[in-house]
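Only one structure is covered here, and it is reproduced in the block below.
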Amino acid sequence: QVQLVESGGGLVQTGGSLRLSCVASGLTFIKYAMGWFRQAPGKEREFVAVITWSGGRINLADSVKGRFTISRDNAKDTVYLQMNSLRPEDTAVYYCAASNNYYSDYAHEYEYWGQGTQVTVSS
């Protein structure tokens with residue numbers, strides 16, 4: 001069975017950094033685009049970042065461009081989200097997801113989801 005396990009969340013001050021990791025198992029990792037989404041209390045789920053099968057293309061939400069980066073290590077079946085210059089509005093549960101599409105920034109096109117990891121940015 002497919003399993004995605006996120007880690008790296010926590011509490012950080014404004015301007016700080018965190019690196020989230022997501023380890024995948026039960027799938028052929030190189031055949032999946034990997035994405036990060038987030039959801040704050042009372043808010044809709046929001047696209048954050050995606051990286052394609054080969055890692056050759058990435059896309060980031062406008063709200064995080066210049067601050068976040070996404071990368072993957074196919075040898076370790078792991079995708080990362082490096083978050084810098086964090087702001088209170090980045091506070092959310094961050095979810096890792098896998099899509100059998102080459103590229104997707106739509107949540108409904110992702111087949112598998114992790115349990116999420118909490119990121120809290122204090123003001």
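The values are calculated or read from the model by the stated rules, or taken from the named source; none is laboratory data. From a predicted model like this one, the values you see are computed outputs, not experimental measurements. Cβ placement follows ideal geometry from the backbone for every residue including glycine, while neighbour counts extend to all protein chains displayed. Side chains included, ligands, DNA and RNA excluded: accessible areas come from the protein's heavy atoms. Shrake-Rupley method; radii C 1.70, N 1.55, O 1.52, S 1.80 Å.
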Taking the stretch 35-52, which residues are more than 14 Å from Asp105 (Cα to Cα) and either in contact with a helix residue (DSSP H, G or I) (Cβ under 9 Å, 6 or more places away or on another chain) or among the small types (Gly, Ala, Ser) (or both)?
Ala40, Gly42
Residue hits (the stretch 28-71; assigned to a loop (DSSP other than H, G, I, E, B), farther than 18 Å from Gln118 by Cα and either of a type in the set (Gly, Ala, Ser) or open to solvent by 30 Å² or more (accessible area, probe 1.4 Å) (or both)) are Thr28, Tyr32, Trp53, Ser54, Gly55, Gly56, Arg57, Ala61, Asp62, Ser63, Lys65, Gly66
Picking from Gly114, Gly55, the residue that is among the small types (Gly, Ala, Ser) and at pLDDT below 95 would be Gly55
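Can you give me the number of residues within the stretch 78-106 that are under 25 Å from Ser17 (Cα atoms) and either open to solvent by less than 40 Å² (accessible area, probe 1.4 Å) or within 14 Å of the chain's Cα centre (by Cα) (or both)? Step through it out loud before you land on a result.
Of all residues in the stretch 78-106, those under 25 Å from Ser17 (Cα atoms) come to 78-98, 105.
Still in the list and also either open to solvent by less than 40 Å² (accessible area, probe 1.4 Å) or within 14 Å of the chain's Cα centre (by Cα) (or both): 78-84, 86, 90-98, 105.
The qualifying residues number 18.
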Lys76 meets each of (1) outside any strand (DSSP E or B); (2) without any contact (Cβ under 8 Å) to a residue 24 or more places away in the chain with one exception, condition (2)
